[in-house]
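Single-structure report; data block below.
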Amino acid sequence: MLAIVGLITIVAVLALIMSKKMSTMAALITVPVIACLVIGKGGQLGKFMSSGISSVAATGAMFIFAVLFFTIMGDVGAFERIVNKIIKIMGADPVKVCIGTFIITILTHLDGSGATTFLITVPAMLPIYQKMKMDNRILATIVALAAGTMNMVPWGGPTIRAATALEVPLMELYAPMVIPQICGLLAGLAICVMFGLKEKKRLGVTLQAVNIEIQALSPEEAVLRRPQYFWFNLLLIIVTVAALVSGILPPAGCFMIALVLALLVNYPSIKMQSERVDAHAKSALMMASVLFAAGIFTGIMKGSGLLKAMAQGLVVIIPNSLAPHFAGLVGVLSMPLSLLFDPDSFYFAVLPVLSQAAEGVGLQAVDMARAAICGQMTLGFPLSPLTPATFLLVGLAGIDLGEHQKHTFIWAWIVSLVILFVAALMGRIPL
């Protein structure tokens, strides 16, 4: 019963969001609340919601101050000179822009943190996409593909969870997957080229107008620009990102301090400081509200036992006759399963039971672990409503979750399958 309610809840949320019958925030709150009441746990609803909000509170605070900081950096013109320089190097060529986005994301995701990757990459590349009139969905998809494939690294959450849950040595799990991961990156790069060619054809002669001519600023924009502080602002961005990556301060603290310094130096007047914060507070709070709604959704799904019941139900319904093919089955479904299970539920509840059944027919635990990291919360994490970083990505890119999922899902699954089949051809994963 609980497993069925859990499945209906997730499918309903995804359907409402993707069909635009309900806003993302409303769907993430309303549907799980109803589910909680249906299973008779309404008395604990407040506890579940509080737990979920607490789990995303730090990310939510970081999000608000990060959005304020980056938008004010845009006001002062910190990105303009950089954007114009990058466009001069790449020219009005969407193919080069897409490839550049992919490579930058790979580099920024070396630390394995989705939130950090999105905060660094999207604000840096979005002005270029806007100036060239490229589709923001393509930016989000490229970043998702690169970050998702890179999330297989040994210090990434999914690989660590898989190794821990199945008690296999971390490098024994990961080392044989390096070449399949590289092939996944090459597949992602090929998709980027395809996107670039598609945009080049769509924009056509429009690209000629992007001829790196610096457009005249409107009077309102000119008043806000601070060209005399360009190097200060650039250094502030670099130091903030460095502090974020190094972990010297909590992420929210990094952006709080950076925001204050940016306002004090660029806009000493209290009136202008208030105006700048007011100008961007609405969008920051709107995006953060979706993040907290996602926390409520996850809190209810976990606390009520719906996710656990789904995990147990999945194990029960899979026929034992499929046990010899469990590794291949897990590998094929690993990416889509990211939309149904959070990483802890899958790696600590579903995977160990499947692995135990598979061992009875000669499969090893490490086979199951490698199959899982082909997509479960690797390529799947930037699309899943169960990960706060997803909402960070779509919020910064200025698109909604439904648009992002429809545009990205099939490409993420293709890259996941490329990784799986290369691993199978190399004998790393038995199909």
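The values are calculated or read from the model by the stated rules, or taken from the named source; none is laboratory data. Since this is a predicted model, take the numbers as computed values, not measurements. Please note: Cβ atoms are built from the backbone with ideal geometry, for glycine as well, and neighbour counts cover all protein chains shown.
Within the set Ile191, Ile160, the sole residue that is of a type in the set (Val, Ile, Thr), part of a helix (DSSP H, G or I), out of contact with any Asp or Glu (no Cβ under 6 Å at 6 or more places or on another chain) and modelled with pLDDT of 90 or more turns out to be Ile191. Of note, Ala165 does not satisfy the criterion of being under 24 Å from Leu383 (Cα atoms) and either part of a loop (DSSP other than H, G, I, E, B) or under 20 Å from the mean Cα position of the chain (by Cα) (or both).
I need a count of the residues in region 122-138 that are free of Cβ contacts under 8 Å to residues at least 24 places away in the same chain and either closer than 17 Å to Ala389 by Cα or of a type in the set (Lys, Arg) (or both).
0
Among the candidates Leu322, Leu339, Leu333, the residue that is surrounded by fewer than 24 Cβ atoms within 10 Å (Cβ to Cβ), over 29 Å from Thr121 (Cβ atoms) and either among the aliphatic types (A, V, I, L, M) or at pLDDT 95 or above (or both) is uniquely Leu322. Checked against (1) under 17 Å from the mean Cα position of the chain (by Cα); (2) surrounded by 24 or more Cβ atoms within 10 Å (Cβ to Cβ); (3) among the small types (Gly, Ala, Ser); (4) not in a loop (DSSP other than H, G, I, E, B), Gly402 passes all but condition (2).
If only residues of region 247-306 that are among the aromatic types (Phe, Trp, Tyr) and farther than 21 Å from Ala397 by Cα are counted, the one that is surrounded by the most Cβ atoms within 10 Å (Cβ to Cβ) is Phe297. Against the numbered list (1) under 25 Å from Ala147 (Cα atoms); (2) among the β-branched types (Val, Ile, Thr); (3) over 26 Å from the mean Cα position of the chain (by Cα), Val315 comes up short only at (1). For region 102-153, residues that are over 23 Å from Leu203 (Cα atoms), surrounded by fewer than 24 Cβ atoms within 10 Å (Cβ to Cβ) and in contact with a Gly (Cβ under 6 Å, 6 or more places away or on another chain) total 2. Screening the candidates Ala57, Ala61 for the property of being surrounded by fewer than 16 Cβ atoms within 10 Å (Cβ to Cβ) and touching a residue at least 40 places away in the same chain (Cβ under 8 Å) yields one hit, Ala57. Taken over region 163-193, the criterion of being surrounded by 20 or more Cβ atoms within 10 Å (Cβ to Cβ) and in contact with a Lys or Arg (Cβ under 8 Å, 6 or more places away or on another chain) is satisfied by Leu173, Met177, Pro180. Please verify whether region 6-15 includes one or more residues that are within 17 Å of the chain's Cα centre (by Cα) and at pLDDT below 90. Yes: region 6-15 contains one or more residues that are within 17 Å of the chain's Cα centre (by Cα) and at pLDDT below 90. Determine whether region 411-430 contains at least one residue that is of a type outside the set (Ser, Thr, Tyr), buried (at least 24 other Cβ atoms within 10 Å of the Cβ), outside any helix (DSSP H, G or I) and out of contact with any His (no Cβ under 6 Å at 6 or more places or on another chain). Checked against the condition, which is being of a type outside the set (Ser, Thr, Tyr), buried (at least 24 other Cβ atoms within 10 Å of the Cβ), outside any helix (DSSP H, G or I) and out of contact with any His (no Cβ under 6 Å at 6 or more places or on another chain), region 411-430 yields at least one hit. Evaluation of Leu386 against the conditions (1) in a helix (DSSP H, G or I); (2) touching an Asp or Glu at 6+ places or on another chain (Cβ under 8 Å); (3) closer than 23 Å to Ile296 by Cβ shows that the sole unmet condition is (1).
The set of residues from region 249-258 being of a type in the set (A, V, I, L, M) and closer than 12 Å to Ile237 by Cβ comprises just one member, Ala258.
Scanning region 246-276 for residues that are over 16 Å from Phe65 (Cα atoms) and not basic (Lys, Arg) returns Ser246, Gly247, Ile248, Val265, Asn266, Tyr267, Pro268, Ser269, Ile270, Met272.
Got a sec? Which of Phe326, Phe341 is in a loop (DSSP other than H, G, I, E, B), free of Cβ contacts under 8 Å to residues at least 60 places away in the same chain, within 25 Å of Val415 (Cβ to Cβ) and not hydroxyl-bearing (Ser, Thr, Tyr)? Walk me through it before giving the result.
Details: Phe326 fails: in a loop (DSSP other than H, G, I, E, B).
The conditions single out Phe341.
Taking every residue in region 413-428 that is within 12 Å of Ala327 (Cβ to Cβ) and touching a residue at least 60 places away in the same chain (Cβ under 8 Å) and pairing it with any residue that is surrounded by 19 or more Cβ atoms within 10 Å (Cβ to Cβ) and of a type in the set (Asp, Glu), at least 6 positions away or on another chain, the pairs with Cβ-Cβ distances below 9 Å are Arg428/Asp367. Filtering Ala369, Ala365, Ala349 for residues that are at pLDDT 90 or above, closer than 25 Å to Ser321 by Cα and surrounded by 19 or more Cβ atoms within 10 Å (Cβ to Cβ) leaves a single hit, Ala369. Within region 152-168, residues that are free of Cβ contacts under 8 Å to residues at least 40 places away in the same chain sit with their Cβ atoms under 7 Å from residues that are of a type in the set (Phe, Trp, Tyr), at 6+ positions apart or across chains, in these pairs: Pro154/Tyr174. Residues of region 29-69 that are under 14 Å from Leu396 (Cα atoms) and over 18 Å from the mean Cα position of the chain (by Cα): Phe65, Leu68, Phe69.
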